Protein chains: 4
Amino acid sequence: MPPDFSTIAVRLAEIGRRFDARGWVLGTSGNFSVVVNREPLRLAITSSGISKGELTADGIVEIDRAAQVTFPGTGQPSAEARLHVEIVQARGAGAVLHTHSMWSTLLSDRHIAGRGLAVEGYEMLKGLQGVATHEHREWIPILENDQDMERLAGQVHAALIECRGAHAFLLRRHGMYTWGETLSQAVRHVEIVEFLLEAVARSERGGTTWP
Amino acid sequence: MPPDFSTIAVRLAEIGRRFDARGWVLGTSGNFSVVVNREPLRLAITSSGISKGELTADGIVEIDRAAQVTFPGTGQPSAEARLHVEIVQARGAGAVLHTHSMWSTLLSDRHIAGRGLAVEGYEMLKGLQGVATHEHREWIPILENDQDMERLAGQVHAALIECRGAHAFLLRRHGMYTWGETLSQAVRHVEIVEFLLEAVARSERGGTTWP
Amino acid sequence: MPPDFSTIAVRLAEIGRRFDARGWVLGTSGNFSVVVNREPLRLAITSSGISKGELTADGIVEIDRAAQVTFPGTGQPSAEARLHVEIVQARGAGAVLHTHSMWSTLLSDRHIAGRGLAVEGYEMLKGLQGVATHEHREWIPILENDQDMERLAGQVHAALIECRGAHAFLLRRHGMYTWGETLSQAVRHVEIVEFLLEAVARSERGGTTWP
Amino acid sequence: MPPDFSTIAVRLAEIGRRFDARGWVLGTSGNFSVVVNREPLRLAITSSGISKGELTADGIVEIDRAAQVTFPGTGQPSAEARLHVEIVQARGAGAVLHTHSMWSTLLSDRHIAGRGLAVEGYEMLKGLQGVATHEHREWIPILENDQDMERLAGQVHAALIECRGAHAFLLRRHGMYTWGETLSQAVRHVEIVEFLLEAVARSERGGTTWP
């Protein structure tokens, strides 16, 4: 039985409008997915080229472990569908959200040499699942952007294994990925990480300058 | 008789949506309280882990002087409930609001060495209760963040006694607390202080850089 | 016959919500007035301490040339009512709008030594009444802030006479005043001037730093 | 037969409200057009001096290849109507959108000496029609602003011929022009280009400072 896209679409559309208002999914950037079945794996994911502020059930397709569309027969999943599958499998996530904000774009470029950035000392870190103190040190991996999705999925897989504690990662000049056991938790992680990235960017170098 | 949470929730929800739109309560950050009884002290306070942009009566609990829930039997008050109680007792406030904005987070870190920052010469200062001229000098204390709420409450108590004139204080990398005789006054104080913090941050060091 | 405050309030409330959304009238800052009669002069002006995002007819009073309330018998006009009268008389304006934005606050402080700032070369200047080319040079006077309204009104009067071409002026760390033949024109001037101030602030010194 | 302005107005009004919320069409800046007939050429274009956040069918006129109003008999097209015609003819566009944002205004001034700026390495570039990889190098020409529309139209024509691959251009201190085969594509291009300009501005020089 196909998932109830209309119900999922209502929630994703709400999230899309919210993120759109903050400028995190301009153009047709960003993509969202929700696990609708574990075995066999089925994800409801936003279609390619859809404005996230205007999502409808027609803008969502179901894909399998290979990121192939299983429902409806037609439709094109987001180009990054493979990455969503990797995250779901490596983290057992129930939802994956990709935003394309200004600060994640800038920091992913600024810190590429270090292959990531550390965020430490902020109370907001407690908004990340399992973090109980602002003294937590969160490492956010940064991967080189790549149009070869198979290769990039491999890089994402490796990063998720290497950085077991990470709640999010960045793609260079391509924005941020985070996830959650539930869609609500994933939304919270987006807001927490976006806040932290802006705070780091504005503090370490003024958020506007670097060498 | 339990307080009319539905009425309080309607007002707090309105405030929550407003602050959320400005990015002052991202994730599930921020917490709000209103005094519903003085003797014995009873506060209606937002529950822990609630998105402030989507408050309902279910997201509010009543606590006593010890920050213990008195109504309903279940529910978890904000982790910082103790701080709200301290503020209400030290200032005789009728409402306490905690926001977690970008500028308060950045300034609380930048000025920690001085244990606070002075704001002077801004007309907006007149929006603070009892301030009649822009020539007023407002001292905003900054406290180290701490996960031990008893210890932190003690620090807050001491700061409120030491800085009798203060209308707000910051917790390092944890945002801002302000209050008012009424909820409306507390909302006004939030907007005034947030404006002043951004003005100070953008002027003294460009709001983006420091040593 | 008293002016139709309900009609005026509807328009001012719309403007208030719009400016509030942009962060130009935080707290209870900012004030708006509309000429309802020329001879004798009568202005409908926002009351003191009103949140501009929630204006109603009750938040408006009618004043005369001396800034005394003529209708209703009760009510307190904005503390800066005298300035509105000066502007209306010196410019024959039909509406006066005062915003209290971040950029006008910062620039009014940065350029106080020069007693104003010049804006030149921006296409947006053409939005100012009577300006036909981006090559126009607009001088925006800046006055020291003052709690003595009689004295400040005198300064405003002198500045409006001295700078005959000015479409707006700033009060140090107190925001911006502009006006128009009609309320619509005054609204347009607010948006034009606020845009120009941000552009100047961000360009000349990065909008964030100065000596 | 005249075009159905009411239908076009509904879509342009939606776009106007969206751009207005982002601060891209403050005052009465910005202008939008849609091709309603190819041979002979007819464009539906926003009238001069209209607030883009409050568009109605009355705020739109039809013009011909010479930018003369063909319907209704009265009404004044945007002063930049000639530029829209040039773009439609040089690119075969179905819609042209001009925004007047902060970042396009600042960058158009900063890079005038180079007569344009290059944007490269951003995933967001893929939102531009025909671009398949972030490794694409987009050149955005910048033209001196000019009140002589015939002369400026000639400059635009020359730039569009010279820079065949360009998806947008800037007018110095006057904002950005982009277009699309459809109105939806043009809207996407606005959001993509505005994002890229902010990213470039904030990265290359901190987005706030230059020599």
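The values are calculated or read from the model by the stated rules, or taken from the named source; none is laboratory data. Fair warning: this is a prediction, and the values are worked out from it, not measured in the lab. For neighbour counting, all protein chains shown are included, and Cβ atoms are generated from backbone atoms with ideal geometry for every residue, glycine included.
Within segment C:107-136, can you find the residues that are acidic (Asp, Glu) and surrounded by fewer than 17 Cβ atoms within 10 Å (Cβ to Cβ)?
Within segment C:107-136, the subset acidic (Asp, Glu) is C:109, C:120, C:123, C:135.
C:GLU120, C:GLU135, listed by residue number.
Determine whether B:ILE63 is more than 14 Å from chain A (Cβ to nearest Cβ), within 22 Å of B:GLN147 (Cβ to Cβ), touching a Leu at 6+ places or on another chain (Cβ under 6 Å) and not hydroxyl-bearing (Ser, Thr, Tyr). Against the criterion (more than 14 Å from chain A (Cβ to nearest Cβ), within 22 Å of B:GLN147 (Cβ to Cβ), touching a Leu at 6+ places or on another chain (Cβ under 6 Å) and not hydroxyl-bearing (Ser, Thr, Tyr)), B:ILE63 qualifies.
Residues checked against (1) at pLDDT 95 or above; (2) surrounded by fewer than 24 Cβ atoms within 10 Å (Cβ to Cβ); (3) part of a helix (DSSP H, G or I); (4) not aromatic (Phe, Trp, Tyr):
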site	(1), (2), (3), (4)
C:LEU170	yes, no, no, yes
C:TYR177	yes, no, no, no
C:VAL190	yes, no, yes, yes
C:VAL193	yes, no, yes, yes
C:SER203	no, yes, yes, yes
C:THR209	no, yes, no, yes
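The test for being surrounded by fewer than 24 Cβ atoms within 10 Å (Cβ to Cβ) and without any contact (Cβ under 8 Å) to a residue 60 or more places away in the chain holds for B:GLY49. Go through (1) in contact with a helix residue (DSSP H, G or I) (Cβ under 8 Å, 6 or more places away or on another chain); (2) in a loop (DSSP other than H, G, I, E, B); (3) in contact (Cβ under 8 Å) with a residue 24 or more places away in the chain and name the single condition C:GLY165 misses. Unmet for C:GLY165, out of (1) in contact with a helix residue (DSSP H, G or I) (Cβ under 8 Å, 6 or more places away or on another chain); (2) in a loop (DSSP other than H, G, I, E, B); (3) in contact (Cβ under 8 Å) with a residue 24 or more places away in the chain: (1). Looking for something touching a residue at least 12 places away in the same chain (Cβ under 8 Å), closer than 16 Å to A:HIS100 by Cβ and more than 8 Å from chain B (Cβ to nearest Cβ) - is there at least one such residue anywhere in segment A:123-142? Scanning segment A:123-142 turns up at least one residue that is touching a residue at least 12 places away in the same chain (Cβ under 8 Å), closer than 16 Å to A:HIS100 by Cβ and more than 8 Å from chain B (Cβ to nearest Cβ). So, D:ILE45, is that one aliphatic (A, V, I, L, M) and within 14 Å of chain C (Cβ to nearest Cβ) or not? Considered against the rule, which asks whether it is aliphatic (A, V, I, L, M) and within 14 Å of chain C (Cβ to nearest Cβ), D:ILE45 comes out as no. Residue check: C:SER104 meets all listed conditions (1) buried (at least 23 other Cβ atoms within 10 Å of the Cβ); (2) more than 29 Å from C:ALA201 (Cβ to Cβ) but one, namely (2).
Residue by residue, here is whether (1) within 14 Å of chain B (Cβ to nearest Cβ); (2) at pLDDT 95 or above holds:
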residue: C:PHE32; (1), (2): no, yes
residue: C:ILE50; (1), (2): yes, no
residue: C:GLN68; (1), (2): no, no
residue: C:SER78; (1), (2): yes, no
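When the residues of segment A:143-156 are filtered to those that are away from every other protein chain (no Cβ under 14 Å) and in contact (Cβ under 8 Å) with a residue 40 or more places away in the chain, the one that is farthest from B:ARG173 (Cα to Cα) is A:GLU150.
Within segment D:17-37, residues that are on the phi > 0 side of the Ramachandran plot and surrounded by fewer than 21 Cβ atoms within 10 Å (Cβ to Cβ) reach partners that are of a type in the set (Lys, Arg) and in a loop (DSSP other than H, G, I, E, B) with beta carbons closer than 9 Å, at six or more positions or on different chains, in the pairs D:GLY23/C:ARG22. If C:ARG151 satisfies every condition in (1) outside any helix (DSSP H, G or I); (2) surrounded by fewer than 23 Cβ atoms within 10 Å (Cβ to Cβ); (3) of a type outside the set (Ser, Thr, Tyr) but one, which is the exception? Here C:ARG151 clears every test but (1).
Check whether at least one residue in segment A:157-175 is more than 9 Å from chain B (Cβ to nearest Cβ), touching a His at 6+ places or on another chain (Cβ under 7 Å) and within 20 Å of B:GLY23 (Cα to Cα), and report yes or no. Looking for residues that are more than 9 Å from chain B (Cβ to nearest Cβ), touching a His at 6+ places or on another chain (Cβ under 7 Å) and within 20 Å of B:GLY23 (Cα to Cα), one finds at least one in segment A:157-175, hence yes. B:SER108 meets each of the listed conditions (1) away from chain A (no Cβ under 11 Å); (2) under 22 Å from B:PHE195 (Cα atoms) apart from (1).
I need a count of the residues in segment A:179-188 that are of a type in the set (Ser, Thr, Tyr) and either within 13 Å of chain D (Cβ to nearest Cβ) or surrounded by 18 or more Cβ atoms within 10 Å (Cβ to Cβ) (or both). Steps first, please.
Step one: list which residues in segment A:179-188 are of a type in the set (Ser, Thr, Tyr), which gives A:182, A:184.
With either within 13 Å of chain D (Cβ to nearest Cβ) or surrounded by 18 or more Cβ atoms within 10 Å (Cβ to Cβ) (or both) added as a condition, the list becomes none.
Matching residues across segment A:179-188 total 0.
Please work out which residue is nearest to B:ALA199 (Cα to Cα), limiting yourself to segment B:80-105 and to residues that are within 14 Å of chain A (Cβ to nearest Cβ) and more than 12 Å from the chain's Cα centre (by Cα).
Step one: list which residues in segment B:80-105 are within 14 Å of chain A (Cβ to nearest Cβ), which gives B:80, B:83, B:98-105.
Subsequent filtering for residues that are more than 12 Å from the chain's Cα centre (by Cα) retains B:102-103, B:105.
On the way: B:MET102: 13, B:TRP103: 9, B:THR105: 14 Å.
Only one residue fits best here, namely B:TRP103.
Quick test for you: out of A:LEU171, A:LEU125, pick the one residue that is within 25 Å of D:HIS136 (Cβ to Cβ) and either small (Gly, Ala, Ser) or in contact with a strand residue (DSSP E or B) (Cβ under 9 Å, 6 or more places away or on another chain) (or both). One residue alone meets the criteria, A:LEU171.
Per-residue answers, yes or no, for (1) closer than 25 Å to B:ARG18 by Cα; (2) not in a strand (DSSP E or B):
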{"residue": "B:ALA79", "(1), (2)": "yes, yes"}
{"residue": "B:LEU83", "(1), (2)": "yes, yes"}
{"residue": "B:GLU86", "(1), (2)": "no, yes"}
{"residue": "B:ALA90", "(1), (2)": "no, yes"}
{"residue": "B:ALA93", "(1), (2)": "yes, yes"}
{"residue": "B:HIS98", "(1), (2)": "yes, no"}
{"residue": "B:SER104", "(1), (2)": "yes, yes"}
{"residue": "B:ASP109", "(1), (2)": "no, yes"}
{"residue": "B:ALA113", "(1), (2)": "no, yes"}
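When we screen A:GLY127, A:GLY116 for residues that are under 21 Å from A:GLY180 (Cα atoms) and touching a Cys at 6+ places or on another chain (Cβ under 9 Å), the only hit is A:GLY116. Tally time: how many residues in segment C:9-19 are modelled with pLDDT under 90 and within 17 Å of the chain's Cα centre (by Cα)? The total comes to 0.
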